[in-house]
Amino acid sequence: MKVKNQLLQLKPYLPGKSVDAVKKEYGLEKITKLASNENPFGTSEKAKMAIFNCVDSLVSYPDGYSTNVREKVAKHLGVDESQIIFGNGSDEVIQIICRSYLSAGKNTVSAWPTFSQYRHNAIIEGAEVREVPLQNGKHDLEGMLASVDNDTSVVWVCNPNNPSGTYVNNQELVSFLDKIPSHVLVVIDEAYFEYVTAEDYPETIKLLKNYRNLIILRTFSKAYGLAALRIGYGVASSQLIKEIEPAREPFNNNKLAQAAAAAAMEDQEFILDCKRKNKEGLEQYYAFCSKHNLSYYKSEGNFILIDFNRQGDEVFQYLLERGYIVRSGNALGFPTAIRITIGTQEQNEGIISTLTEMLEENNVVC
Ligand SMILES: *Cc1c(COP(=O)(O)O)cnc(C)c1O
């Protein structure tokens with residue numbers, strides 16, 4: 001037996017250490033995990049209640065068309081229900097896109113560093129991956145355009161970009177879309193859409209009318225606080241969705257996820273509240289960075305990438321031993337940085353004071 005060649009060059013996704021494992025290893029009582037951009041304010045109560053109402057119907061398969069949540073999302077976005085595809089997390093929509101458009105002989109273009117799943121799934125399909133380095137943390141759209149050729153099938157724009165937090169504005173995106181050949185699918189991953197406050201952030205749903213080669217990805221895992229349930233979606237033209245639907249598994253969205261997501265859509269107040277608190281949290285980190293002369297990218301997401309001018313793994317370890325789990329930049333393409341998920345005000349204060357101690361210890365040594 002020989003596994004496909006492509007798989008030999010990939011590693012399985014390595015989740016961070018679990019909270020329980022860290023507690024045990026370092027003898028800590030309280031652990032704060034700010035590593036995966038989950039919502040520190042939890043989940044809408046409405047979504048939780050919706051799950052209770054499902055427990056008596058676990059025996060039957062879920063609705064394979066996700067009808068209820070589909071109606072809610074379509075209405076909220078002002079699109080037709082046929083313009084949406086649901087996935088087991090937007091990760092699965094990424095997989096469906098790769099299965100649908102990529103194969104040996106094709107290539108795909110993305111930024112680097114960016115969200116790792118574009119590359120991962122493209123490689124499994126045997127496609128060539130062309131990665132164009134970020135410039136000042138931002139997508140180099142001109143560079144990406146220059147990498148497109150006749151064999152390019154998919155281009156990825158992560159907006160805002162994970163892990164840098166930067167965004168492509170409306171004018172930049174539109175001029176990019178105007179130049180991209182129509183045989184290329186442009187995927188705009190808006191996993192952090194709900195957190196964005198920049199006024200010139202593109203309203204991509206409106207762009208769908210003019211650009212048929214566009215798909216927008218969103219998720220319930222981040223601001224909606226439903227990461228455990230795995231539900232996300234893609235929005236495109238009805239025709240495009242119809243073409244990729246056969247690559248979707250029949251019951252890919254479980255019943256609890258559908259019920260919770262539908263109810264969560266009805267609680268936009270919760271989302272707005274989280275957005276406001278996230279913005280305040282970002283300001284706490286900006287103030288910390290300016291005070292200590294640390295460079296960072298202004299973020300439109302619920303995370304911040306901060307450069308500490310020393311190995312990210314070291315900073316990661318310092319925080320870990322003191323009860324904070326973050327992501328080391330070593331694993332994200334920014335070896336001297338760490339990525340921190342914005343927490344509650346109190347969590348942010350805790351992490352900032354721990355980092356301040358770290359910086360001060362260092363000063364004493366020097
Ligand atoms: C978290 C994340 C996703 C995946 O979200 P799921 O819906 O949980 O699969 C997709 N894209 C980006 C950029 C992310 O950060």
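The values are calculated or read from the model by the stated rules, or taken from the named source; none is laboratory data. Note that the structure is predicted; figures quoted are calculated from it, not measured. Positions of Cβ are backbone-derived with ideal geometry, glycine not excepted, and every protein chain shown enters the neighbour counts. Surface areas here come from the heavy atoms of the whole protein model, side chains and all, with no ligands, DNA or RNA. Shrake-Rupley method; radii C 1.70, N 1.55, O 1.52, S 1.80 Å.
Scanning segment 25-37 for residues that are surrounded by 19 or more Cβ atoms within 10 Å (Cβ to Cβ) and part of a loop (DSSP other than H, G, I, E, B) yields 34, 35, 37.
Set side by side, the residues 149, 56 differ, and just one is modelled with pLDDT under 95, more than 16 Å from the ligand (Cβ to nearest atom) and either in a loop (DSSP other than H, G, I, E, B) or more than 22 Å from residue 197 (Cα to Cα) (or both), which is 56. For the criterion of being under 21 Å from the mean Cα position of the chain (by Cα), open to solvent by less than 30 Å² (accessible area, probe 1.4 Å) and more than 30 Å from residue 305 (Cα to Cα), residue 257 passes. Filter segment 96-123 for residues that are touching a residue at least 40 places away in the same chain (Cβ under 8 Å) and among the charged types (D, E, K, R); which is most open to solvent (accessible area, probe 1.4 Å)? Looking at the filtered set, the residue picked out is 99.
For beta carbons closer than 9 Å, sequence separation of 6+ or different chains, a first residue in segment 68-95 that is under 19 Å from residue 227 (Cβ atoms) and without any contact (Cβ under 8 Å) to a residue 60 or more places away in the chain and a second that is in a helix (DSSP H, G or I) and more than 14 Å from the ligand (Cβ to nearest atom), the qualifying pairs are 95/124; 95/247. Of 297, 285, all but one fail to be open to solvent by less than 10 Å² (accessible area, probe 1.4 Å), under 16 Å from residue 192 (Cβ atoms) and of a type in the set (Phe, Trp, Tyr); the exception is 285.
Taking segment 209-232 as the range and being open to solvent by less than 10 Å² (accessible area, probe 1.4 Å) and more than 9 Å from the ligand (Cβ to nearest atom) as the test, the residues that pass are 214, 215, 216, 223. Of all the residues in segment 284-304, those that are hydrophobic (A, V, I, L, M, F, W, C), touching a residue at least 24 places away in the same chain (Cβ under 8 Å) and not in a helix (DSSP H, G or I) number 2.
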